[in-house]
Amino acid sequence: MPSHALACGGVFVYLAQMTTIGPTLITARLILRPPQHEDFDGFAAMAQEEETMRFIGGLAPRDAAWRGMASLAGSWAMLGYGMFSVIRRDTNEWIGRLGPWRPGGKEGNWPGDEVGWGVRASAMGQGFAQEGAIAATDWAFDNLGWDHVIHCIDKRNLPSIKLAERLGSQLETEDVQLAPPFEAHKVDLYGQSKAAWRARR
């Protein structure tokens with residue numbers, strides 16, 4: 001319900017109070033929530049990290065990083081899910097983005113219901129991506145009606161392959177060509193069923 005009304009030239013304009021567009025998940029070390037404007041500096045900095053971006057679209061200038069972050073927020077607004085911003089609880093630092101991802105929803109050309117991840121170079125190797133991916137996968141299975149989850153991974157991306165395997169996912173399909181604008185990239189699909197995930201949890 002609108003909380004305020006302003007008269008503008010005889011026309012009432014209703015202003016709703018700001019609300020979040022998705023949930024906030026709390027883990028031992030992380031806060032996961034939909035992207036917000038205040039995350040952009042971190043998002044843009046990550047887009048310039050060659051090590052981080054090598055397998056997730058490549059380096060991007062600041063304006064392109066903005067469009068990328070806006071697409072994540074737009075996914076939350078239009079589909080009710082999307083990748084979360086990853087915030088360290090101890091420092092309040094934005095360190096990456098991860099979570100459910102399927103551009104276009106069920107009508108899109110993405111190869112399946114994905115939980116993906118990407119964290120800044122300074123946060124790699126500390127278990128943050130795994131901790132966040134577990135929480136995001138739990139949330140996706142509990143709330144989105146998914147019965148299977150995939151991870152799209154370049155076969156050269158050994159750290160992500162190892163993470164997928166630690167999550168319990170197995171190689172399902174090799175050399176899948178992604179939909180535009182990522183058609184130049186081929187990925188392997190790692191995945192598991194909801195039943196397998198629940199059995200391991």
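The values are calculated or read from the model by the stated rules, or taken from the named source; none is laboratory data. The shown structure was predicted, so the numbers you read here are calculated from the model rather than taken from an experiment. All Cβ positions, glycine included, derive from the backbone under ideal geometry; neighbour counts span all protein chains shown. Just so you know, the surface numbers come from the protein's heavy atoms only, side chains and all, with ligands and any DNA or RNA stripped out. Shrake-Rupley method; radii C 1.70, N 1.55, O 1.52, S 1.80 Å.
The figures follow:
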{"quantity": "Nearest-20 debye value, the chain charge dipole, Cβ charges on Lys, Arg, Asp, Glu", "calculated": "360 debye"}
{"quantity": "Thr91/Asp138 FRET efficiency (R0 22 Å; Cβ-Cβ; nearest 0.05)", "calculated": "0.35"}
{"quantity": "Extension reserve of the Thr173-Ala64 stretch, reckoned as 0.36 nm per residue once the Cα distance is removed", "calculated": "36.2 nm"}
{"quantity": "Extension gain, Lys162 back to Asp147 (0.36 nm per residue minus Cα-Cα distance, nm)", "calculated": "3.2 nm"}
{"quantity": "Long-range HN-HN contacts of Ala47 with modeled amide H, under 5 Å", "calculated": "none"}
{"quantity": "List Leu72, Leu79, ordered by accessible area with a 1.4 Å probe, largest first", "calculated": "Leu79, Leu72"}
{"quantity": "Calculated log₁₀ intensity ratio I(q)/I(0) where the Debye formula runs over C-alpha points of the stretch 80-191, q = 0.10, 0.12, 0.21 Å⁻¹", "calculated": "-0.28, -0.41, -1.24"}
{"quantity": "Restricting the stretch 123-201 to GluC sites (Glu not before Pro) in coil, as DSSP defines it, with at most 13 other Cβ within 10 Å", "calculated": "Glu183"}
{"quantity": "Amide hydrogen neighbours beyond the local backbone of Thr173, cut-off 5 Å, H modeled", "calculated": "Leu189"}
{"quantity": "Rg over Rh, two decimals, the chain (C-alpha only, Kirkwood Rh)", "calculated": "1.01"}
{"quantity": "The chain, relative contact order in percent, only Cα pairs under 8 angstrom and at least six apart counted", "calculated": "15 percent"}
{"quantity": "23 Å Cα cut-off, lysine pairs counted over the chain (separation 8 or more, or different chains)", "calculated": "5"}
{"quantity": "Table column - 3J(HN,Hα) (Hz), the stretch 99-109, Karplus curve with 6.51, -1.76, 1.60, x for Gly and Pro", "calculated": "x, x, 8, 8, x, x, x, 5, 7, x, 9"}
{"quantity": "Rounded FRET efficiency, nearest 0.05, which uses the C-beta distance separating Ala77 from Asp41 and R0 of 25 Å", "calculated": "0.70"}
{"quantity": "3J(HN,Hα) from dihedral phi, the stretch 54-65, Karplus parametrisation 6.51/-1.76/1.60, rounded to Hz, x for glycine, proline", "calculated": "3, 10, 10, x, x, 4, 9, x, 4, 5, 5, 4"}
